[in-house]
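What follows is a single structure, written as structure tokens, with notes after it.
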Amino acid sequence: MMQRRKGNSLKAGVLPEKVRNQFQVLQEELNIHFQNTSLLHQAFTHSSYVNEHRRKLFTDNERLEFLGDAVLELSVSKYLFEKFPHMSEGELTKLRASIVCEPSLVIFANELNFGHFVLLGKGEELTGGRERPALLADVFESFVGALYLDQGLTVVVEFLERIIYPKVEIGAFSHVMDFKSQLQEIIQQTNNGLLHYEIVDEKGPAHNRTFISRVLLNDQELGVGKGKSKKEAEQQAAQSAMQMLKQSKQEGE
């Protein structure tokens, strides 16, 4: 008689105690405790591991990756929409893409040491799968998907507030953000005059130059920035000015 894989006659795979203990350590490190730990285990289960343990009925993380990708895009989109009210749709799209792209997700996964916890088949292990960028990015998305199913969107957002959003705050993705345009739009809305940028200093040898720029509103200095090019220095000055204007507005309320 053929066994039914979806019935009650077979139980889902149970991980060895040592592996389950490792996932307990991960939860302690993240200060996140899953109600359904099988979701956590699944988030870190690569298809190669499932293929080598067919009789134990493990499930890989591909479906959770699909869900996590959508949850991540929604959460980051909402954050950027509220964080940067003067950004155009195109700028928001470009910034979101730089945050949820594979290289960024790999950085997040490595900071959390996710590669250490991935369940791999022997072949994938021997070929360096634990450090493969695509695999690490997938695991990060799968974890987000599992966390969403287990504890909801609010907890996912709290997780992203610790792991991703602070990097946006300190300008880790500023290379795709046009702060000068945003500042110009803010000034135009208040009709406060004309913006002017000027390079006030240059430091370092010719092959490793650092430029210092400042932005002025009429004759009042709003912000100062530095960069490896004049353009980057001006963008940083505009970002500094936006932060100053935001702080002044909050103090005046």
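The values are calculated or read from the model by the stated rules, or taken from the named source; none is laboratory data. All figures in this text were calculated on a predicted structure; none of them were measured in a lab. Glycine also receives a Cβ, built like all others from the backbone with ideal geometry; neighbour counts cover every protein chain displayed. Each accessible area value is taken on the protein alone, full model and side chains, heavy atoms only, with ligands, DNA and RNA left out. Shrake-Rupley method; radii C 1.70, N 1.55, O 1.52, S 1.80 Å.
Which members of the range 18-27 meet the condition of being without any contact (Cβ under 8 Å) to a residue 12 or more places away in the chain and either of a type in the set (A, V, I, L, M) or within 12 Å of residue 112 (Cα to Cα) (or both)?
Listed by number, the list holds a single entry, 25.
With a cut-off of at least 1 residues that are open to solvent by less than 80 Å² (accessible area, probe 1.4 Å) and at pLDDT 95 or above, name the helices (runs of 4 or more DSSP H) lying wholly within the range 1-86.
Fully inside the range 1-86 and qualifying: 17-30, 37-43, 62-83.
Which is part of a helix (DSSP H, G or I) and without any contact (Cβ under 8 Å) to a residue 12 or more places away in the chain, of 185, 158?
Details: 185 fails: without any contact (Cβ under 8 Å) to a residue 12 or more places away in the chain.
On inspection, the qualifying residue turns out to be 158.
Just to be sure before I move on: is residue 171 on the phi > 0 side of the Ramachandran plot and either of a type in the set (S, T, N, Q) or outside any helix (DSSP H, G or I) (or both) in the structure I sent?
It is true that residue 171 is on the phi > 0 side of the Ramachandran plot and either of a type in the set (S, T, N, Q) or outside any helix (DSSP H, G or I) (or both).
So, in the range 164-194, of the ones that are closer than 30 Å to residue 106 by Cβ and among the polar types (S, T, N, Q), which residue ends up surrounded by the most Cβ atoms within 10 Å (Cβ to Cβ)?
182
Where residues in the range 136-181 are modelled with pLDDT of 95 or more and aromatic (Phe, Trp, Tyr), which of them is nearest to residue 98 (Cα to Cα)?
165
Would you be able to tell me the number of residues in the range 231-245 that are in contact (Cβ under 8 Å) with a residue 12 or more places away in the chain and surrounded by fewer than 16 Cβ atoms within 10 Å (Cβ to Cβ)?
Step one: filter the range 231-245 for residues in contact (Cβ under 8 Å) with a residue 12 or more places away in the chain, giving 232-245.
Next, only the ones that are surrounded by fewer than 16 Cβ atoms within 10 Å (Cβ to Cβ) stay: 243-244.
Going through the range 231-245 one residue at a time, the tally reaches 2.
When only residues in the range 109-125 that are in a helix (DSSP H, G or I) and in contact with a Leu (Cβ under 9 Å, 6 or more places away or on another chain) count, which is modelled with the lowest pLDDT?
Applying the filter and picking the extreme gives 124.
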